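Structure, as structure tokens:
The values are calculated or read from the model by the stated rules, or taken from the named source; none is laboratory data. Computed from a prediction, not measured in an experiment: that's the story for all the values here. Here the Cβ positions follow ideal geometry from the backbone for every residue, glycine too, while neighbour counts run over all protein chains shown.
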Amino acid sequence: MSETIQAVKGMNDILPPESVTWDWFEGKVRSLMTRHGYAGVRTPIVEPTALFVRGLGEVTDIVEKEMYSFVDSMNGDRLSLRPENTAGVVRAITEHSLLRDGGKRLYYIGPMFRHERPQKGRYRQFHQVGAEALGYAGPDVDVELILMCRMLWRELGLVEGRDLRLELNSLGQPDERRAHREALIAHFEAHAELLDEDAKRRLHSNPLRILDTKNPAMQAVVEAAPQLMSFLGTESLAHFNAVRAALDAAGLAYRINPRLVRGMDYYNLTVFEWVTERLGSQGTVCGGGRYDTLIEQLGGKPAPAVGWGLGIERLLLLLQEAGIATPVVAPDAYAIVPTAASMPLALRTVDALRAAGVSVLMHAAGRDGLGSMKSQFKRADASGARYALIFGDDEVARGEVAVKPLRDADAAQRCLSMAQAADWAAELRTA
Ligand code: ATP
Ligand code: MG
């Protein structure tokens, strides 16, 4: 035997039954998006590295140390696996002039890649759901996106306040940030002895990023730093207050976190995160905000935009921690076929049932044939099916199939003719 090959560290296989939970979750997301008027968008997993350097900012954790970047050996192109998908969506809408007839509401579900230390809730390939509303400037869209998250939590069985809560901040506009930046640099320079290496390096290139530090030793100096909120002008404050008023009216509680800055440089005005206490230091489940300058920065015609990204692995871990049961799928029926002679009729009947909407798991032959009735019943039981369909020789000779309830000891076995199969399907659906 040759040596086995393992998956890349930090990149996981998603197998049944876990994959069933993923399908269920993605179904919920697609339904939610459709109800909010968001259409799916699928962009490539590989993009030019320059897209992320220009989009996310050169002095960010992602671009400095988390990107999977490589040179295409065929032509020398500098490429990266996407670490997030807002930049990709912006590239796509610009490349295809998607905003020429007005704003667009888009969503995606897919893998992202970041070279981080793998741990619970933090992987090198992980998956995000993202929603982006492009071409809309008003605070109403910010609120729409936040309320959409709340609806998703509710539909998954999560409870706001208990499992998740909303943190909110405003990053103002670039000129307001510049004034704040001067004050920040002055503050950190005055306390230079308290800064770690990362912070010292960023002090002049990107001091706002220092507020995003995860170093506990720096919490005090960061806590005491001047707050961006006090540098906001009237318009920025009006936008922020409009978001707050609409959230209040919707009965959604939030905490204003003046230190919430997010990991990419492209944000302005509204930023938010949905956080949980249940996942330790991987507590941010969903984050987003407004990025009114990104489209122009990436060469597009200036247009405002706002969006969020949600980590699917973290969200599913949260469901587990919160004790929320996710559905287990079992087939409606398991088809038992004692002899190969019955197989043609069995396949035809099962085909008709499936076409009528019944899920049927067909017993499949192994190396040693179909196996005994006993072993087939064992498999039927293990499958979780509600019924066994028995294609015994006698039944088949009469053009019938026996239906045996597997989960209800009081229910009687009965026989169906091929012609009755569709009626039975309807009966099952209404049961
Ligand atoms: P963190 O502060 O935990 O590193 P982040 O600010 O880098 O998160 P974003 O870039 O805002 O995360 O991505 C949005 C969401 O994607 C996060 O809230 C999280 O749920 C998820 N996410 C980010 N990085 C990872 C990862 N390496 N593994 C799993 N999920 C991740
Ligand atoms: Mg991160």
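Observations on the structure shown:
- Pairs where the first residue, in the stretch 308-333, is assigned by TED's automatic domain parsing to the domain that holds ARG150 and free of Cβ contacts under 8 Å to residues at least 12 places away in the same chain and the second is away from ligand 1 (no atom under 11 Å from the Cβ) and part of a helix (DSSP H, G or I), C-beta under 7 Å, 6+ apart: none
- Residue check for ARG91: buried (at least 19 other Cβ atoms within 10 Å of the Cβ), in contact (Cβ under 8 Å) with a residue 12 or more places away in the chain, of a type in the set (D, E, K, R) and within 12 Å of ligand 2 (Cβ to nearest atom): no
- Of all residues in the stretch 139-148, at least one satisfies being surrounded by fewer than 17 Cβ atoms within 10 Å (Cβ to Cβ) and of a type outside the set (Ser, Thr, Tyr).
- The stretch 250-264, residues that are among the basic types (Lys, Arg), buried (at least 16 other Cβ atoms within 10 Å of the Cβ) and away from ligand 2 (no atom under 14 Å from the Cβ): none
- Criterion (among the basic types (Lys, Arg) and not assigned by TED's automatic domain parsing to the domain that holds ALA133) met by exactly one of LYS65, LYS9, LYS28: LYS9
- Meets criteria (surrounded by fewer than 18 Cβ atoms within 10 Å (Cβ to Cβ), within 16 Å of ligand 1 (Cβ to nearest atom) and farther than 20 Å from GLY288 by Cα) for LYS200: no
- Considering HIS127, HIS96, the condition of being more than 14 Å from ligand 2 (Cβ to nearest atom) and in contact with a helix residue (DSSP H, G or I) (Cβ under 6 Å, 6 or more places away or on another chain) is satisfied by HIS127 alone.
- Total residues in the stretch 247-261 satisfying the condition of being in a loop (DSSP other than H, G, I, E, B) and touching a residue at least 60 places away in the same chain (Cβ under 8 Å): the figure is 8.
- Residue list for the stretch 162-189, restricted to those being surrounded by fewer than 16 Cβ atoms within 10 Å (Cβ to Cβ) and under 21 Å from GLU273 (Cβ atoms): ARG162
- Qualifying residue in the stretch 60-80 (condition: crowded, with 17+ Cβ neighbours inside 10 Å, acidic (Asp, Glu) and in a loop (DSSP other than H, G, I, E, B)): no
- Of the residues making up the stretch 67-77, not a single one is under 19 Å from LEU294 (Cα atoms) and away from ligand 1 (no atom under 14 Å from the Cβ).
- Selection from the stretch 81-121 of residues that are among the basic types (Lys, Arg) and assigned to a loop (DSSP other than H, G, I, E, B): ARG82, ARG100, ARG114, ARG117, LYS120
- The stretch 265-381 holds helices (runs of 4 or more DSSP H) entirely within its bounds, and those carrying 1 or more residues that are within 22 Å of VAL20 (Cα to Cα) and away from ligand 2 (no atom under 16 Å from the Cβ) map to 312-321, 343-355.
- None of ALA364, ALA355, ALA340 is in contact (Cβ under 8 Å) with a residue 24 or more places away in the chain and not assigned by TED's automatic domain parsing to the domain that holds GLY287 except ALA340.
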